[in-house]
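Here, each number is a calculation from the coordinates, and none is a lab measurement. Please read all numbers here as calculations on a predicted model, not as lab measurements. With ideal geometry, Cβ positions are generated from the backbone for all residues, glycine too; neighbour counts draw on all protein chains shown.
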Amino acid sequence: EVQLVESGGGLVQPGGSLRLSCVVSGFTFNSYNMNWVRQAPGKGLEWVSYISGSSSTIYYTDSVKGRFTISRDNAKNSLYLQMNSLRAEDTAVYYCASAGHAQWLFYYWGQGTLVTVSS
Amino acid sequence: QSALTQPASVSGSPGQSITISCTGTSSDVGGYNYVSWYQQHPGKAPKLMIYDVSNRPSGVSNRFSGSKSGNTASLTISGLQAEDEADYYCSSYTNSNSLVFGGGTKLTVL
């Protein structure tokens, strides 16, 4: 059974930092593309970032470029999102998501972790 | 990158068919066959219903179908059931090496 389990969310002040983690089991993590997708409270989905299996290809949505960094540790079956210079508009549930070798679609989802940016 | 345009809400009675549209531009929906559709029930993670415009993942009912014409993609649900009541989101790859979602459509089964 495939499982994606996010952690690391919480309350942080504007300008602060947070690191999200996603531990994956049930598939060959080191060859699968991974993504972060977020959803602000009561709002729609927003793709945040993509990383290829080898970490050779990384993409970000414009609003997080220069502030967020996606990374992975294939030995630990883990995906990360380092979030710096956080803003109120970054408040959302953050999901890790994947469709294996396919790009730009999401078959596997975690349960999400809530990040709240507020003073 | 602007969000794709979806109707805020649609409704239908059990057994009927409904269609949700998703309008983008030639830089996203119209330019690539990488359109997906997701179903999301309250408090749950989204579920992939359609990928690459018209393909259904294993386990998804054949009552769900997808299509595309020009810059507009569509999701059709036939034989509407109470359990289909949910939010639906389209997404598309873009020419900026990014992914854009639609604003979401709330489906109400009357």
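Considering (1) buried (at least 18 other Cβ atoms within 10 Å of the Cβ); (2) closer than 22 Å to A:GLN111 by Cβ, the lone condition that B:TYR34 does not fulfil carries the number (2). Determine the pairs where a residue that is without any contact (Cβ under 8 Å) to a residue 40 or more places away in the chain and closer than 15 Å to B:ALA73 by Cβ, located within the range B:43-56, has a partner that is charged (D, E, K, R) and assigned to a loop (DSSP other than H, G, I, E, B) with Cβ atoms under 7 Å apart, the partner being 6 or more residues away or on another chain. Partner pairs satisfying both residue conditions: B:ILE50/B:ARG56. When you look at B:LYS106, is it under 17 Å from B:VAL10 (Cα atoms), among the charged types (D, E, K, R) and either within 13 Å of chain A (Cβ to nearest Cβ) or surrounded by fewer than 18 Cβ atoms within 10 Å (Cβ to Cβ) (or both), yes or no? For B:LYS106, the condition - under 17 Å from B:VAL10 (Cα atoms), among the charged types (D, E, K, R) and either within 13 Å of chain A (Cβ to nearest Cβ) or surrounded by fewer than 18 Cβ atoms within 10 Å (Cβ to Cβ) (or both) - is met. Looking across B:THR23, B:THR19, one residue alone is more than 12 Å from chain A (Cβ to nearest Cβ), free of Cβ contacts under 8 Å to residues at least 60 places away in the same chain, surrounded by 17 or more Cβ atoms within 10 Å (Cβ to Cβ) and out of contact with any His (no Cβ under 7 Å at 6 or more places or on another chain). It is B:THR23.
Can you pull out every residue in the range B:67-101 that is within 12 Å of chain A (Cβ to nearest Cβ) and surrounded by 14 or more Cβ atoms within 10 Å (Cβ to Cβ)? Of everything in the range B:67-101, those that are within 12 Å of chain A (Cβ to nearest Cβ) and surrounded by 14 or more Cβ atoms within 10 Å (Cβ to Cβ) turn out to be B:ASP87, B:TYR88, B:TYR89, B:CYS90, B:SER91, B:SER92, B:TYR93, B:THR94, B:SER98, B:LEU99, B:VAL100, B:PHE101.
Please report, ordered by residue number, the strands (runs of 3 or more DSSP E) entirely within the range B:8-110 with at least 1 residues that are closer than 23 Å to A:LEU4 by Cβ.
Values: elements: B:9-12, B:18-23, B:35-40, B:47-50, B:64-69, B:72-77, B:86-94, B:98-101, B:105-109.
Those strands (runs of 3 or more DSSP E) span B:35-40, B:47-50, B:86-94, B:98-101.
Being surrounded by 22 or more Cβ atoms within 10 Å (Cβ to Cβ) and either within 14 Å of chain B (Cβ to nearest Cβ) or under 26 Å from B:ASN33 (Cα atoms) (or both) is a description that applies to A:TYR94. Elements of the type strands (runs of 3 or more DSSP E) sitting completely within the range A:29-78 and holding at least 2 residues that are among the aromatic types (Phe, Trp, Tyr) and either within 14 Å of chain B (Cβ to nearest Cβ) or crowded, with 22+ Cβ neighbours inside 10 Å (or both): these cover A:45-51, A:58-60.
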